[in-house]
Every structure is written in structure tokens, then in C-alpha cells.
Amino acid sequence: MKKKRHVRPLEMFQAPELLFKNTQGCPLVAAHSKVEADAIESELLKEYRFGPQQLIEIWGHACAIAITKALHGFAPAHISELLSPYTTERSLRSSHQNLLAIPRAKLKTKGECAFSAYPLSSMGKKQPTVLVVCGPDQNGCIGLVCARHLRMFEYEPTIYYPKRSSNGLHQDFTVQCEKMDIPFLSYLPTEVQLINDAYNLVIDAILGLEADPANVKEPYAGILVTLKQVKIPIASVDVPSGWDVDEAGKEGINPDLLISLTAPKKCASGFSGKHFLAGRFLPYDIQKKYDLNLPEYPGTDCLIEL
């Protein structure tokens, strides 16, 4: 008989609020405080022997996948234009699985699976440019990993990383981006229209759990002022910059897309845009201990829309 794992009591934590429902209508997902989020990460690092680099890689990759969700308008034009949802005249069990229609091939060198019908060079009306703004702490590191994966997915990321960390792990991720010829901006244009014209999307990887929204210093205070004025979509990593982790934001960035890492934070209760959760890697015992009530992820997906 399998030995039942002992679960420690949770007197130190408040009961999580059940706030979020995924798009398939499954049970509500718990939102957690900064204290609880820190405790989960600490346990992953100390008891489950996850490494910092491993967690950042998982999160950065999930963020890149969320950006590439073509059906939600954040993929490059050369991808989005090729994809259309699969629809039927009658209701099927698969109707809510976001299946895609199979396009008829123009070339049939190997049946209808010849990808040469759609060369990238012929599809894009506009370059798939993305601006990734990275802060000095963990969220900035996740942004670097996200940019690297986006580059592998045929996007054209540019990174603005105004205060590079002396942490060796951050430096490693920076070098990886440089080796992949991802450009780094030396300054962020204060003329908002230049950003609107040059990029399709801004990724906010500036301030995370560690930041105090009441004491945002330069250059990040100025960056937030600029990004609040952009007209192109913004995708925020875990916590929109300028928001209090435990309260809905009022003064910070107002993103169009939020990618929650591990579990949604309480501040996300005030978010009304597209919301993805990347937490499939969490061991079951941690999910149970912290009452995360995570949804059932479809197929082999590493994230789910809430």
C-alpha cells in the first residue's frame, strides 16, 4: 500500500479566495497572497529541489507560449492568418476544445502535410516585432527567457533592460539572448508613437512580487509612465507592474493580457482582460497543501486560459 504523505497544517496561511474560472467552466481556481506565493516558491526550491534557473526557464517558456496563442490575437500575422477555428453545424463533445480547422494544401508532395505551401517570407504583412521590458529582479529574468523562446518561435523580440543585474543567473540569460542576436535597446523612447509604430506588443516583465508599488524608483517609474500611454497591447508577467500583489491595481500598467505564474495572485481579481495560468509543473502535494484547486489542463498544454 502506498504510504500517505503527511501534509503539514496551514495555520500560517489564510484560506485562499476562489475567484477564477477557466474557459471550459471547470471549478474555480484559488487566488493567493504574496506571503503564500513566496512560501510556495520557497518550498519548491528547498524541499522539492527545483533550481532557480529551472523555475525561471519553465515560467519564461510558458509566457512565450501564451504570447503565441494565435486565436487570441497575439501571434504574428504570418501565423494568425493561417489559423481558423474548427466549427460544425451540430454540437460535439469537442466543441469547447479550441480545435483548429485543417487547411487545404496548395502543394501535395506528401499528401496534405506539405508545409512549403506557406513560406514565412510570403505571409507577413508586418514584421512580428515584440518589445520585452525587463526589470532588475526575477520577473526581468523571466522576460529574458520569454524573449529567447519567442525568437525561436520566429518572432522578432527587442529587449529593454535598463539596469542589468550582477547576479550570475541573470547574466547567463542575458548572454543567451545576445548570442541569439536579440537586440537590446540603450534607452526607451519617451515618444509613445515611436513604440506604437515599431512594435506589435509590449511584454511587461518589469516589477514582480519583490517590488513595492508605493516606492517605484527610476528608471522604472518613468518607464511605467510611458507604457501607460502606448496604444498597442501589453502582456504582463505574473503581476502587472505598479500593482500591489494583494490588491487590484489602480496606478500601474493596464495590460491586455496577464500570465499568472504558479497560481493567480489576489490582485488579478481586478483584471478583466485575457488571463492565462501557467502552473502545470506544480507537484500534487503542493497543490493540495495550499488549496490551489488548479484546473485540468487540456492535452499536453503547459497553460490554460482562465
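The values are calculated or read from the model by the stated rules, or taken from the named source; none is laboratory data. From a predicted model like this one, the values you see are computed outputs, not experimental measurements. Because the Cβ atoms are built from the backbone with ideal geometry, glycine has one as well, and the counts that use them run over all protein chains shown. Surface areas here come from the heavy atoms of the whole protein model, side chains and all, with no ligands, DNA or RNA. Shrake-Rupley method; radii C 1.70, N 1.55, O 1.52, S 1.80 Å.
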Subset of the range 231-278, residues of a type in the set (Ser, Thr, Tyr) and touching a Leu at 6+ places or on another chain (Cβ under 9 Å), comes to 236, 241, 260, 262, 269
Residue among 158, 190 that alone is more than 23 Å from residue 38 (Cβ to Cβ), outside any helix (DSSP H, G or I), open to solvent by 50 Å² or more (accessible area, probe 1.4 Å) and β-branched (Val, Ile, Thr): 190
Could you go through the range 199-210 and let me know if any residue there is over 23 Å from residue 59 (Cβ atoms) and either assigned to a loop (DSSP other than H, G, I, E, B) or not small (Gly, Ala, Ser) (or both). no
When you go through (1) closer than 26 Å to residue 161 by Cα; (2) in contact (Cβ under 8 Å) with a residue 60 or more places away in the chain one by one for residue 290, which number turns out not to apply? (1)
Quick check, is residue 236 under 17 Å from residue 137 (Cα atoms), small (Gly, Ala, Ser) and not in a loop (DSSP other than H, G, I, E, B)? yes
May I ask you to verify whether residue 242 is buried (at least 17 other Cβ atoms within 10 Å of the Cβ), touching a strand residue (DSSP E or B) at 6+ places or on another chain (Cβ under 8 Å), free of Cβ contacts under 8 Å to residues at least 40 places away in the same chain and closer than 20 Å to residue 141 by Cβ? no
Of the residues in the range 193-213 that are open to solvent by 80 Å² or more (accessible area, probe 1.4 Å) and not hydrophobic (A, V, I, L, M, F, W, C), the one that is farthest from residue 132 (Cα to Cα) is 212
Tally up the residues in the range 257-292 that are part of a loop (DSSP other than H, G, I, E, B), open to solvent by 70 Å² or more (accessible area, probe 1.4 Å) and more than 19 Å from residue 41 (Cα to Cα), please. 1
Considering the range 35-57, residues that are at negative phi and part of a loop (DSSP other than H, G, I, E, B), and then whichever is most open to solvent (accessible area, probe 1.4 Å), we arrive at 47
Any chance residue 299 is of a type in the set (Gly, Ala, Ser), closer than 30 Å to residue 47 by Cβ, part of a loop (DSSP other than H, G, I, E, B) and open to solvent by 10 Å² or more (accessible area, probe 1.4 Å): yes
Kindly indicate whether any position in the range 225-233 is farther than 27 Å from residue 279 by Cα and among the hydroxyl-bearing types (Ser, Thr, Tyr). yes
Write out, first by first residue and then by second, each pair whose Cβ atoms fall under 7 Å of each other, whose residues are 6+ apart or on separate chains, and whose first residue, in the range 198-226, is more than 28 Å from residue 41 (Cα to Cα) while the second is among the hydroxyl-bearing types (Ser, Thr, Tyr). 198/129; 199/129; 200/129; 226/190
